[in-house]
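Below is one structure, written out as structure tokens; comments come after it.
Values in this text are rule-based calculations from the coordinates and carry no lab data. What you see is a predicted model, and the numbers here were worked out from it, not measured in a lab. Using ideal geometry, Cβ is built from the backbone for each residue, glycine included, and neighbour counts are taken over all protein chains shown.
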Amino acid sequence: MYKKVEHSLGSPFSRGRSAKGDYHHHPEIAGIGVINSEHRYGVLMHTTLAVTPQRVPLGLLDQQVWTRPAETLGRKPHHDTRRIGEKESQKWLISLEMTAKAQAHLPNTTLVSVGDREADIYDLFDLFLLAHKLQQDVLVRGAWDRRVAHPEGRLWAHLEACPVAGTVTITTPRQADMSARTATLTVRSTAVTLRPPKKRAREHLPEIIVWAILAKEEDAPSGVTPIEWLLLTTLPPTRPLSRPASTSSGMRAAELLRCTIRC
């Protein structure tokens, strides 16, 4: 697989994705746990797949499988008092470490680890810092309007105050209640200094500087929710936008990033 990655065109992506294996029809299986109700049994999985920028799968880099004990069902875990190593969120760090092992075999290729909005936890700072240590690059789709050390105070407002760097034309797939369509997104990007949440002040978490990219549809058709993507990455955007991007797969964020960084 390493030869496939090494000879792929551009920087391959290491994409993490979580899923559930539902075995509620087979309660006799030993070792399974609950999923989201006392009647749903199975396992949870987090898979790290290597794909080329052209969306060609190259193989699995990692697959984690775990279960949730039945006695935890309905309990609200105290996330604020637990370290990331005690949370399911540690799957992102493990995925990054496994990507680093692959990177060690690929001296002429840079892998970019991609996470969806589930990866936008403040502990992702551990992920960014670990990425730097492991000489990895990371791309996460933002989910939270985080505190920033800038006059605007919040991440979205800070990005919206930045000048437009260019535009990207995307094609969205057909959905049950909507036909496929094209959309033009304005793109803003800048380095941002993120501040830790106030509720975790006792942990003395550090501020961290990352690159942020905001892609936003300014003139959506009437009755259509505008497309808006906010990305956090270790890769600095360094060139103007010029080419279209497709949003017909789960690699939409990665493709938008690829339109804004050095090839």
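Label-point separation (nm) for Val65 and Thr182, each offset 7 Å from Cα along Cα-to-Cβ?
Each label point lies 7 Å from its Cα, and together they span 4.5 nm.
7 Å from Cα along Cα→Cβ at both Ala157 and His132: what's the point-to-point distance in nm?
In this crude spin-label approximation the distance works out to 2.7 nm.
How would you rank 164-173, 100-109, highest first, on the average number of other Cβ atoms within 10 Å across their residues?
164-173, 100-109
Would you mind computing, in nm to one decimal, how far apart the modelled labels at Gln175 and Asn108 are, each placed 7 Å from Cα along Cα→Cβ?
Spacing of the two 7 Å Cα→Cβ label points: 4.3 nm.
Estimate the FRET efficiency between Ala149 and Arg202 by the formula 1/(1 + (r/R0)^6), using the beta-carbon distance for r and 22 Å for R0, to the nearest 0.05.
The calculated FRET efficiency here is 0.65.
What is the order of Lys20, Lys91, Lys198, Lys216, fewest Cβ neighbours within 10 Å to most?
Lys198, Lys20, Lys216, Lys91
For a footprinting-style exposure proxy, rank Arg141, Arg147, Arg174, Arg117 by other Cβ within 10 Å, fewest first.
Ranking Arg141, Arg147, Arg174, Arg117 by Cβ neighbours within 10 Å, fewest first, gives Arg174, Arg117, Arg147, Arg141.
Taking the number of other C-beta atoms within 10 Å as the exposure measure, put Ser179, Ser222 in order starting with the fewest.
The most exposed by this proxy come first: Ser222, Ser179.
Tell me the relative contact order for segment 163-215 as a rounded percent, counting alpha carbon contacts under 8 Å between residues six or more apart.
The value is 33 percent.
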